[in-house]
Structure formats: C-alpha cells, structure tokens
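Notes to accompany the following structure.
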Amino acid sequence: MYPHAVITIFGQGIYLYGICMALGLITCFVFLMKAFQKQNFNDNSIDVILLVGIFGVVLGLFSAMLFQSIYDFIANPEAGFKLGGMTFLGGLIGGVVGYLAVYWLYIYVIAPRTKIKWLQNNMNAGITDALPIIPVGIVLAHAFGRLGCFFAGCCHGAQTDAWYGIDFPSIAGTAKYIPTQLFECIFLLLLAFIMIVLFYKYKFNCNFGVYCIGYGIWRFLIEYIRDDYRGELVPGLTPSQFWCILMVALGIGYFFLYKYLFKDKMKHPELQPSVYKKATANGASQEKVEEVISQEVQVNSQEMEVTNQEVEGE
C-alpha cells in the first residue's frame, strides 16, 4: 500500500518492505533465543544454532533470487538469465539445505578436529531438540515478510469486486485486487500460535511436520487466487504448487523420521538440571551421569506416550 521510500540514507531509499523483513528476522532470532533459554539450552548450543541460522538466512536470500531467476528464464529464455526478484519457497529450500550443510560441517568436521576452545562442541542440545521450535521462528519472520509484500504491492491476488478488494498504488489502473498477502500473514500468525500451544502445552515435538503440511496445503490452495505469474515448472501447476506437494510429503515423512530416528537422538536439555543433581548426589562419574540422564529421558518419553494414548482414548 506504500511502495515509496520511507526515508533516504546516503542516497539509498529505505522501504517498508525492507523494514518488515528486518523486523521479521529480528523477531525470529529473539524468539528462538528466548525459547532455547526456556528449554535450558546452554550458551554453546544457542550460539551454534543461531549463528548457523545466520548462514541459513544469507543462503536462503540468495536461493530465493536464484529460484525466481530460473523461473523467469524458463518463462522467457529470450530475456536472458538475470538475478533478481525473490520467491519464498525457493529461499526456504536453499535456507534449510544451507543450514543443515553448515551445521553438519561444524558437528562432524570442525568441532571434532579443532583445538580452538570456542569452536569445540560443548552443546547440551542438538538440532533435534531445536526442530520443534525453529518452525515457529520461520513462520513469524515469514508473517512480517508478507506484511512487507502488502506494502510493496507484490504477491497480490486476482482482481475482485468484493468488499475486501484493495487498490494497490504500485499497480497501474483502478482495479482492486485480493490482498492475499494479508490473508497469508494472518494464517501464518495462527499457525505460529498453534505450534506454540502444541509444543509448550502438549510437549509435541513434530512441529516441523505440522509446518510443512500446514503451510504446504495453504500455499497450494491460495495459489489459485494469486495473480503474480512466476513461470511454470510442471504443466498445470505453478512453481509454488509443485514445491508445496513435495513440502507436504516431507511433512508426512517427518513424523516417521521422528518416531524411528530423531526421537532417540534428542538430548532433552530441559530435563538435565534436576537429573544431573540426582546423578551427582553421591559423587557419580560422568559416565554414570550420562546413563542416568538417558534413563530419565526414556522414562519421560514413555510417560508422554501413555498420556498421548489416554488423550486419544478419550
């Protein structure tokens, strides 16, 4: 709604779109930091997960431009390949892949070999402990991003005569358009709220699956009322719809990955203070401490499964 520069600094205009993106990233990282502290992640765990997250953001922004440029080239090869524009799902794919690559590089290559103290792995929590929380941060940042799209007038919906139609100054003419950006912003805030409730009230650890399935279905459907052509990868589907199908499949697959793989790899830092105190009460060795922690985590997991079964039975 306001595609003009808000202020000018050193000859460069600052737009509401960029401000919203910056606020989204700040909100994301502040939320994650506070959430990790609440779950008793130690400083090393928080530093590694968030610093790697910065690499993920940078790689995601580049990937968002790269994907959009590929779409544009496929749609109009005669115009040549030009890096510009962004698409969220392209950024998400690049950001996730980049994040995991840098994280695993640190865990399996750098940390085991370094003699630099601050680079050593002293984490009491890993990526499996962070995965239930990270999607909330992504969704919050995305919600601010969609608000920025609204101000910029991009990612809008089709023309409409309905009462909710909006006139975007950045689009020539007098027609009104569906504000899909606002619809998506509201949806993302609701999705964030749902994931927060699932994690903190029900100790639900599969928010990554909820995010992939929830946003994948939403984005697939809303593409039918969007009116910003992004090229075509598969006949009959927009590029976003194609990736959404894979996103939903990944979300479904994550539930199985969690049950048979990730669940046993969680360190549960939120349990460690009381368990550590119990284990060291009689001067137990470090091996004994780790054994007691492992047993406590198993007991806690079993109690959660029983509770879930009772809830399902009701």
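Across the stretch 44-59, computed HN-Hα scalar couplings (Karplus, 6.51 cos²θ - 1.76 cosθ + 1.60, θ = phi - 60°) run 5, 5, 5, 4, 5, 5, 6, 5, 5, x, 5, 4, x, 5, 4, 5 Hz from first to last residue, x flagging Gly and Pro. Separation of the alpha carbons by more than 27 angstrom is noted, of 115/259; 34/115; 34/203; 117/203; 117/265; 34/267, for 115/259; 34/115; 117/203. Here the spin labels are modelled as points 7 Å beyond Cα on the Cα-Cβ line, and at residue 270 and residue 14 they lie 3.8 nm apart. A crude spin-label estimate for the pair residue 227 and residue 27, with each label 7 Å from Cα along the Cβ direction, gives 2.7 nm.
Sort the stretch 70-214 into rounded, prolate or oblate with this rule: let a ≥ b ≥ c be the square roots of the eigenvalues of the Cα gyration tensor; rounded if a/c is under 1.5, and if a/c is not under 1.5, prolate when a/b is larger than b/c, oblate otherwise. Oblate shape, in that a/c is at least 1.5 and b/c is the bigger or equal ratio.
Each peptide in 220-229, 93-102, 109-118 was scored by the mean count of other Cβ atoms within 10 Å over its residues; highest first, the order is 93-102, 220-229, 109-118. Carbon-plus-sulfur accessible fraction, the stretch 1-143 (probe radius 1.4 Å, protein heavy atoms only): 71%.
In what sequence, largest accessible area first, do 49, 213 appear using a 1.4 Å probe?
The most accessible residue leads, giving 213, 49.
If you sort the three axes of the alpha carbon gyration tensor as a ≥ b ≥ c, you get a/c of 1.5 or more for the stretch 149-261 and a/b no higher than b/c, which makes it oblate. Sequence-distant contacts, meaning Cα pairs under 8 Å at least 6 residues apart, place the relative contact order of the stretch 161-243 at 19 percent.
The values are calculated or read from the model by the stated rules, or taken from the named source; none is laboratory data. Since the model is a prediction, treat every value here as computed from it, not as a measurement. Because the Cβ atoms are built from the backbone with ideal geometry, glycine has one as well, and the counts that use them run over all protein chains shown. Please note that ligands, DNA and RNA were not included when accessible areas were found on the heavy atoms of the full protein model with its side chains. Shrake-Rupley method; radii C 1.70, N 1.55, O 1.52, S 1.80 Å.
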